[in-house]
Amino acid sequence: MKTAKFKNPRASHGFQGRTCSIAAVGSCVPERRLTNADLEKSVDTSDEWIVTRTGIRERRIAGPQEYTSDLAAKAAATALQRAGVTADQIDLIIVATITPDMGFPATACLVQQKIGAKRAAAFDLEAACSGFIYALEVGQQFIMSCTYNTVLVIGAEKLSSIVNWQDRNTCVLFGDGAGAAVLQHRPSAHGLLTVCMGADGGKASLISMPGGGSLHPASMQTVVSGMHFLRMEGKEVFKSAVTAMCTAAEEALRRCEIDVSQIKCIIPHQANRRIIDAVADRLGAKPEQVFLNLEKYGNTSAASVAIALDEAVQLGRIQRGDLVLLMAFGAGLTWGAAVIEW
Ligand code: ACO
């Protein structure tokens, strides 16, 4: 491994010198585009309001017979093919999602069947928009401990299935999609250097879908009162998002003893252009370091960072050896930041 201009906080953690790298990424978005002009026809909103307040111009919407597990399986197939990994080599599948195909079984099990990964263990992880970063951290533990050799981490959502299309406060923000990463030990790289995660359950009510769980089991009443739709207090979420993502990112950079100027590409959760600009500004990052694709897809929650990471790699914005900063924020509240030597 070449001499690094950063500290690897995990250098002494890896059992038998193990590191955990992202061997390849892949993503999938549905074909159907829903533009701001389309939304103007169904709710009292405007392209001007949506673009200036969020930066979003369109989002992708899955078809009626296209489910979270389908998007996840397609993203996974691309990542596996790029990594040169066959389905029977996968030891574990983790799917981060807040829109599983159903309450149970886990969407990860449905993906396991769809991609033919018969040997793999499979489970879901729920940390909303921070889900992909949380799942990377969980997955890397299995690689670093030599428990598994190949872990497939997926962020996938069909948010259109829980959005209230009559509520202009939320329906303009979200879209569907999936992104996947293949985790393996790669002797020539440090890979995932550090992941900082956090949560504040005291703010759980700021973003939620209250119906359908043990607190409010599905009933006529929960349906009538819209409890199976996503609810959000946007302004409060906005404030917490900026503070939490900055704190997590600063801690991740500090642990690696690097300055933000050493980061080649910052991949933020694609929720709102104004949140991203505020965080980049507070971190002292230059606009050209920050990767944005929210104008095409909106907020795809757990899929957001994964899709953006894949696009940045395919566009050549990230090369092997570059330092990459991922950061996200979402319901829970949860947040996370990761530094990777790509
Ligand atoms: N079109 C037109 N007007 C609208 C729309 C719309 N689509 N939505 C809201 N408005 C109105 C409101 O009704 C309000 O009107 P009023 O002043 O007459 O009451 C006005 O616009 C301002 O509303 P605010 O909520 O103050 O607007 P704000 O500037 O805060 O932007 C937004 C709202 C975009 C939701 C922003 O707060 C935001 O992005 N918050 C963070 C969301 C986020 O990051 N979520 C991440 C997690 S999601 C998850 O975990 C699943």
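Numbers for the structure displayed
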{"quantity": "Within the accessible area of the chain (1.4 Å probe), percent carbon and sulfur", "calculated": "52 percent"}
{"quantity": "Viscosity 1.567 mPa s, 4 °C: Kirkwood-radius Stokes-Einstein D of the range 9-184 over Cα pairs, µm²/s", "calculated": "76 µm²/s"}
{"quantity": "Bins of 10 Å from zero: percent of alpha-carbon pairs in the chain", "calculated": "6, 27, 36, 23, 7, 1, 0"}
{"quantity": "Estimated inter-spin distance, Gln314 and Arg32, nm [label 7 Å along Cα→Cβ]", "calculated": "2.1 nm"}
{"quantity": "Accessible area (Å², per residue) of the chain, counting only protein heavy atoms and a probe of 1.4 Å", "calculated": "42 Å²"}
{"quantity": "q = 0.22 Å⁻¹: log10 I(q)/I(0) that the Debye formula gives for the range 103-157, counting C-alpha atoms only", "calculated": "-0.92"}
{"quantity": "Cα centre as origin, Lys/Arg/Asp/Glu Cβ charges: the range 192-341 dipole, Debye", "calculated": "260 debye"}
{"quantity": "Rg followed by Dmax, in Å, when the range 49-101 is reduced to its Cα trace", "calculated": "15.6, 48"}
{"quantity": "Pairwise label distance in nanometres, Thr243 with His228, each label 7 Å out on the Cα-Cβ vector", "calculated": "3.6 nm"}
{"quantity": "Tail fraction, Cα-Cα pairs, the range 192-341, threshold 18 Å, whole percent", "calculated": "59 percent"}
{"quantity": "Cut-off 15 Å (backbone N to label point 7 Å along Cα→Cβ of Thr86), residues of the range 95-137", "calculated": "116-120"}
{"quantity": "Using a Förster distance of 35 Å, the FRET efficiency for Lys118-Ser12 (Cβ separation, nearest 0.05)", "calculated": "0.50"}
{"quantity": "Sequence of Cys265, Cys109 from largest to smallest accessible area, 1.4 Å probe", "calculated": "Cys109, Cys265"}
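The values are calculated or read from the model by the stated rules, or taken from the named source; none is laboratory data. Remember, it's a predicted structure, so these values are computed and weren't measured experimentally. As a convention, Cβ positions derive from the backbone with ideal geometry for all residues, glycine included, and neighbour counts pool all protein chains shown. For accessibility, only protein heavy atoms count, side chains too; no ligands or nucleic acids. Shrake-Rupley method; radii C 1.70, N 1.55, O 1.52, S 1.80 Å.
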